[in-house]
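> Before I ask anything, let me first share the structure, which is written out below as structure tokens.
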Amino acid sequence: MNAIAGITFEKDRTTQRRYLRVDLEQHGEEITPFLEKVGIFSHEDDFERAWASAITGDELRQRMYKRIDAWYQTYYQ
């Protein structure tokens, strides 16, 4: 088998090929569909989860003002 840059086989203690190491920077586009299919890797799921738990700009502003008010009450009164 020909060697391919960025892909190496790793052997177990019985010298059998057991693991495959793939440089995702070099071969990420080709292997990403497989990783998504087996459920290891998914950009969309991570983004959707983060988006679902995000806060709005108004909520951020309210939290920020509440925190500033708490600091003010602690240090200046």
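> Only one of (1) loosely packed, with under 10 Cβ neighbours inside 10 Å; (2) over 18 Å from the mean Cα position of the chain (by Cα) fails for Arg63. Which number is that?
With (1) loosely packed, with under 10 Cβ neighbours inside 10 Å; (2) over 18 Å from the mean Cα position of the chain (by Cα) applied to Arg63, the lone miss is (1).
> List, please: which pairs have Cβ atoms under 9 Å, are six or more places apart or on different chains, and start with a residue in the range 7-21 that is within 16 Å of Ile31 (Cβ to Cβ) and end with one that is of a type in the set (Gly, Ala, Ser)?
Matching pairs, first to second residue: Arg21/Gly6.
> All but one of (1) part of a helix (DSSP H, G or I); (2) of a type outside the set (A, V, I, L, M, F, W, C); (3) surrounded by fewer than 11 Cβ atoms within 10 Å (Cβ to Cβ) hold for Arg21; which doesn't?
With (1) part of a helix (DSSP H, G or I); (2) of a type outside the set (A, V, I, L, M, F, W, C); (3) surrounded by fewer than 11 Cβ atoms within 10 Å (Cβ to Cβ) applied to Arg21, the lone miss is (1).
> How many residues are among the polar types (S, T, N, Q), assigned to a loop (DSSP other than H, G, I, E, B) and at pLDDT below 90 when one looks only at the range 30-77?
Counting residues in the range 30-77 that are among the polar types (S, T, N, Q), assigned to a loop (DSSP other than H, G, I, E, B) and at pLDDT below 90 gives 3.
> So Arg49 fits all but one of (1) among the charged types (D, E, K, R); (2) surrounded by 10 or more Cβ atoms within 10 Å (Cβ to Cβ); (3) touching a strand residue (DSSP E or B) at 6+ places or on another chain (Cβ under 7 Å); what number is the exception?
It is condition (3) that Arg49 fails.
The values are calculated or read from the model by the stated rules, or taken from the named source; none is laboratory data. Given the structure is predicted, the values throughout are model-derived calculations rather than measurements. Virtual Cβ from ideal backbone geometry, glycine too; neighbours counted across all protein chains shown.
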